[in-house]
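In what follows, a single structure is set out as structure tokens and then discussed.
The values are calculated or read from the model by the stated rules, or taken from the named source; none is laboratory data. Values in this document were obtained by computation on a predicted structure and should not be read as measured data. Positions of Cβ are backbone-derived with ideal geometry, glycine not excepted, and every protein chain shown enters the neighbour counts.
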Amino acid sequence: MALITTQNTKIQNKITEHTKGVEELACLYEVTKCLASAPNLKEALKQVVESLSEFMGMHHGTITILNPHSGEIEIEVAQGLSADARRRGRYKPGEGITGQVVASGEAVVVPRISEDSRFLNRTRSRSKNSQKEMSFICVPIKNGRQTIGALSVDKPFKPGASFDDDLRLLTIISGLIAQSVSRLQAIKAERELLLKENRTLKRALSEKYSIENLIGKSSRMQEVFEMVYRVASSNATVLLRGESGSGKSLVAKAIHYNSNRKNKPFVVVNCSALPETLIESELFGHERGAFTGAYNRKIGRFEQAKDGTIFLDEIGELPQSVQVKLLNVIQEREFQRLGGTKPIKAKCRIIAATNKNLEEAMRQGHFREDLYYRLNVFPIYLPALRERRTDILLLAEHFLERYCKENDKNIKGISQPAIDLLMQYHWPGNVRELQNCIERAVLVCDEDIIRAHHLPPTLQSMTEGIEEPQKKVRCLADAVADFEKELIIEALRQSKGNQTKAAQLLDTSLRIINYKIKKYGIDPKLFKVPTK
């Protein structure tokens, strides 16, 4: 009889062990699945402690994480605890059982909570008058050698019970938690870095395109700045008019980055650069299958702009078929993707620009009159560079400083003869041409000052910017004389007309300087500073 009882006991133990093994596997499967799939760390950890309760009978599951900023161990997730109880459950490393586990990196088992003085019960989740005796198991959560938190559970007290299997299971789960915490923290850190870079970039763009950074002291440009100030904070449609290269895109950015939309997208569409067959799809997007080759849905530029600004550059080149749809967007403030049936709200602000004579285009039937009046709510005319000559030197010095930094050069300024050439040229390419001219001069200049011969031939020819096809080659004597004259003028300018100082700057004698001044017909009085 005793033998049969012993055999029954062994069979029962094997069944119990097998059942426990199955429960452990089921618990591990559920924990692994939720940690791998849950996008939110807190939700994933909640599912972990719920799985421990459901499959293993482990209650009051608590996951604490060490806060690197405060140095305290804070409850991240706790089964059955209120928000107030979680806030109370804060420990310093070494304080209480949880603090001891985090500080030492070693697991702690308390067979009987009521008999251990280290148990602080700060969450007040366990009543002293409770009739149920509980055991407490706490294992560290480690990321490599660093302990980043702890996982703890309660189990009903059983005299003489072994905790080896429980420790093994909880240690495995704590390792899975550590991997998930590390992965999600890395994602969070990367996201925060991207957001920080995005904010920095937006701030830099806002500063770069602030109205104060637009260059121009002429009365014509002051009028432009005044118009930009007035319209920036509104939602009005703006039409920028002016020749190519006069700075329309720069003004459009200044309007956007000085408006209440500055933190929203700024989307640029060059209407002349897009083929007529694609421009409608680019502006409004299309649904899958809308036309041959439309294999996927495409989000158009108006949809990309959202609550920001869309800048339609070269609006005069827009095909008439698209002009009709653009007119509808402006009037109704909504559009549809090609092949779509659902209307999409157009909340973005529209800024358009053109170098065309739209009035002439209307007379010729190339531009719709109704669209013109919809766009021409707040026109701003940008003057050509030849109409704001007082800004030429200001812009040249700005570009000089910029390209010296980019090319690591130390060019101090522009010589007077070179300035004369810049001021006399008619600049058909406007500011863009001046910018290219200064960039070229910086690249070819090996001195500390830009001289006339560093400027492009179009400026040196002085024939309305067009070189003769068969220009006669200058003789060496003339070239040397021009260069010598330029050096003397620059020295007189620096010495404020003082011929003795000019001779010292050029490392020559006063007699030779006087001779050359008379030879080239230079008047030193022009460089003297008038006395008050």
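Some notes on this structure:
- Scanning the stretch 329-357 for residues that are of a type outside the set (S, T, N, Q) and in contact (Cβ under 8 Å) with a residue 60 or more places away in the chain yields Ile330, Cys348, Arg349, Ile350, Ile351, Ala352, Ala353.
- Test: residue in the stretch 333-342 that is under 30 Å from Asn263 (Cα atoms), assigned to a helix (DSSP H, G or I), in the same structural domain as Ser259 (by TED's automatic domain parsing) and at pLDDT below 90: no
- Taking residues in the stretch 160-178 that are part of a helix (DSSP H, G or I), and partners anywhere that are of a type in the set (Asp, Glu), the pairs with Cβ atoms closer than 7 Å and at least 6 places apart or on different chains are Leu169/Glu24.
- In the stretch 333-354, the residues that are within 23 Å of Gly247 (Cα to Cα) and in contact with a Lys or Arg (Cβ under 8 Å, 6 or more places away or on another chain): Cys348, Arg349, Ala353, Thr354
- Condition check for Val224: touching a strand residue (DSSP E or B) at 6+ places or on another chain (Cβ under 8 Å), modelled with pLDDT of 85 or more and either farther than 18 Å from Ile315 by Cα or in a loop (DSSP other than H, G, I, E, B) (or both): yes
- Residues located in the stretch 48-70, provided they are over 29 Å from Lys92 (Cβ atoms) and either assigned to a helix (DSSP H, G or I) or not assigned by TED's automatic domain parsing to the domain that holds Arg183 (or both): Ser51, Glu54, Phe55, Met56
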